[in-house]
Amino acid sequence: MFDKRWRTLGLTAALAGISAFLLAHPTLAATAPQLTLEQLNSNVTAAKAGTDTLLLLIGSALVLLMTPGLAFFYGGFGRAQNVLNIMMMSFLMMGLVGMTWVIYGYSLAFDTSLGSPFIGGFSNLFFNGVGGKFGIDPVWAGDELMISGMSASSFALFQGMFAIITPALISGALVERVNFKAWFWFGLLWSTLVYIPMAHMVWGSNGFIYGQIGALDFAGGTVVHIASGVGALVSVAMIGPRRVFPNRLSPPHNVPFILLGAGLLWFGWFGFNGASYFAAQGAGFAFLTTNTAAATAMLTWLLLEQIDLGKPTAVGAATGAVAGLVGITPSAGFIPVWAALPIGALTALVCFLFVAKVKSRIRLDDSLDAFGVHGVGGTVGAILTGIFAQKDFLVEKAFPTQFKVISQGPLAMTWAQIQAVLITYLFVGIATFVIWTILKSVMRVRATEEQELEGLDFALHGEDAYSKER
């Protein structure tokens with residue numbers, strides 16, 4: 001034992017001596033690099049750009065997950081014979097819009113080469129020039145909107161996820177009666193002729209709603225939710241109600257699917273709103289407002305059901321949470337956290353009144369409340385943004401027009417928000433009407449009566465969601 005201890009001490013001393021010699025020897029000593037202040041700032045900027053880019057990549061994955069989440073959410077509401085068709089209406093957009101966004105969608109939404117406030121240009125077709133050879137160049141380099149060093153390719157990918165889920169939201173109003181081929185062509189035309197111009201007008205650096213009206217839309221209140229809601233409303237009017245409406249409607253066939261879908265949507269919404277901050281350092285703030293509004297809206301909806309029905313429901317909890325997420329989307333990064341409480345509560349209240357009281361009276365077969373939650377909730381959230389947004393949360397260099405409008409007070413900001421809402425209703429409503437009119441003139445847009453009554457899964461896809469003998 002004694003010898004072993006001495007050997008250990010001797011080895012330690014030898015290593016210490018060798019280390020001292022190497023450090024002291026003039027030719028072997030390592031000289032620590034001395035960085036200038038400019039180099040240090042450059043390193044910090046590069047590190048920030050990397051974290052911001054990573055935020056967008058994670059956010060892109062979260063937002064993409066929302067589309068399968070939406071498929072489960074919608075799928076649980078329908079009849080068992082239609083669940084695959086309902087889910088496929090969402091999944092289709094992952095392939096269709098995921099491809100067209102690269103070919104022309106991103107370019108027409110965000111390229112400014114044409115100088116138009118209503119549509120982008122053609123410089124970025126097939127992602128040409130997006131972020132340079134490896135996609136790592138920053139987005140909007142040299143532009144006054146440059147508030148982050150995120151790579152252009154990650155920004156383009158992130159925006160593509162929004163383009164995918166928006167037309168999928170419309171499907172909730174049309175389930176159990178639309179020919180799948182017609183839905184394919186509607187999704188292609190609507191995403192091209194409606195979503196892309198809306199994205200440019202609201203989020204493009206020279207967009208009409210962004211640059212001239214001065215309205216705020218943090219993560220898609222107008223572009224995604226009001227646009228899809230109005231698209232759903234007009235689509236219902238053009239296609240008509242289900243043949244079993246309103247007297248032979250079936251209850252949701254799988255409520256756990258609804259809860260699963262709502263949970264995935266809530267989870268994905270952290271990417272939807274949080275990554276829309278475009279800066280990792282402040283993204284947690286948008287996470288907080290998002291979660292607070294969803295939680296408040298869910299509890300508000302359950303309370304309203306308790307008062308109206310005498311018992312809270314699982315479907316109500318899921319619907320209320322989604323309504324709160326919709327309501328907070330246009331303001332998530334522009335308001336103090338406490339404001340998410342009234343926004344969540346008021347959005348849930350208005351959506352509940354429409355879904356539970358108004359929809360049946362006007363005999364609107366908005367099957368899964370695409371307009372009742374996204375259209376109505378997006379409208380409420382957009383207007384409340386004008387009331388609760390504070391200029392302290394805006395970077396004046398990045399939002400010069402909006403900063404000027406909001407500095408004039410809540411009335412000016414609310415009026416700007418109302419204008420944006422009205423423009424969205426008018427443009428989306430007319431465009432959706434035209435698209436369905438064209439499609440109805442060249443193809444059958446509805447399933448046959450026999451297919452609709454039997455169920456669309458086997459009739460249109462040759463599959464059954466649940467095994468059974470035929």
(1) assigned to a helix (DSSP H, G or I); (2) open to solvent by 40 Å² or more (accessible area, probe 1.4 Å) all hold for ARG243 apart from (1)
**Prompt:** Does region 256-273 contain any residue that is open to solvent by 30 Å² or more (accessible area, probe 1.4 Å), in contact (Cβ under 8 Å) with a residue 12 or more places away in the chain and not in a helix (DSSP H, G or I)?
**Reply:** no
Residue count, region 305-340, condition part of a helix (DSSP H, G or I), surrounded by fewer than 20 Cβ atoms within 10 Å (Cβ to Cβ) and of a type outside the set (Gly, Ala, Ser), comes to 7
Listed by range, helices (runs of 4 or more DSSP H) wholly within region 358-469 having at least 1 residues that are in contact with a Leu (Cβ under 8 Å, 6 or more places away or on another chain) and open to solvent by less than 20 Å² (accessible area, probe 1.4 Å) are 376-388, 400-407, 410-442, 456-461
How many residues of region 200-229 are touching a Ser or Thr at 6+ places or on another chain (Cβ under 7 Å), over 18 Å from PHE110 (Cβ atoms) and in a helix (DSSP H, G or I)? The answer is 4
Could you check, for region 387-398, whether at least one of its residues is of a type in the set (Gly, Ala, Ser) and within 14 Å of ILE328 (Cβ to Cβ)?
-> yes
Of the conditions (1) over 17 Å from ALA389 (Cβ atoms); (2) buried (at least 24 other Cβ atoms within 10 Å of the Cβ), the single one that ASP217 does not satisfy is (1)
Of the residues in region 69-97, those that are under 15 Å from the mean Cα position of the chain (by Cα) and surrounded by fewer than 21 Cβ atoms within 10 Å (Cβ to Cβ) come to MET94
Item to complete: Confirm whether ILE343 is in a loop (DSSP other than H, G, I, E, B) and in contact with a Phe, Trp or Tyr (Cβ under 7 Å, 6 or more places away or on another chain).
Response: no
Within region 101-124, of all residues that are surrounded by 21 or more Cβ atoms within 10 Å (Cβ to Cβ) and polar (S, T, N, Q), the one farthest from GLU454 (Cα to Cα) is ASN124
Filtering region 167-191 down to residues that are part of a loop (DSSP other than H, G, I, E, B) and aliphatic (A, V, I, L, M) yields LEU174, VAL175
Residues of region 163-190 being touching a Gly at 6+ places or on another chain (Cβ under 7 Å) and either among the β-branched types (Val, Ile, Thr) or open to solvent by 10 Å² or more (accessible area, probe 1.4 Å) (or both), in sequence order, are ILE164, ILE170, VAL175, GLU176
Checking LEU364, LEU353, LEU349, LEU368 in turn, the sole residue that is of a type in the set (A, V, I, L, M) and without any contact (Cβ under 8 Å) to a residue 12 or more places away in the chain turns out to be LEU353
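The values are calculated or read from the model by the stated rules, or taken from the named source; none is laboratory data. Everything quoted here is computed from the prediction, not taken from an experiment. Here the Cβ is made from the backbone with ideal geometry for all residues, glycine too, and neighbour counts use every protein chain on show. These accessible areas exclude ligands, DNA and RNA; they are computed on the full protein's heavy atoms, side chains included. Shrake-Rupley method; radii C 1.70, N 1.55, O 1.52, S 1.80 Å.
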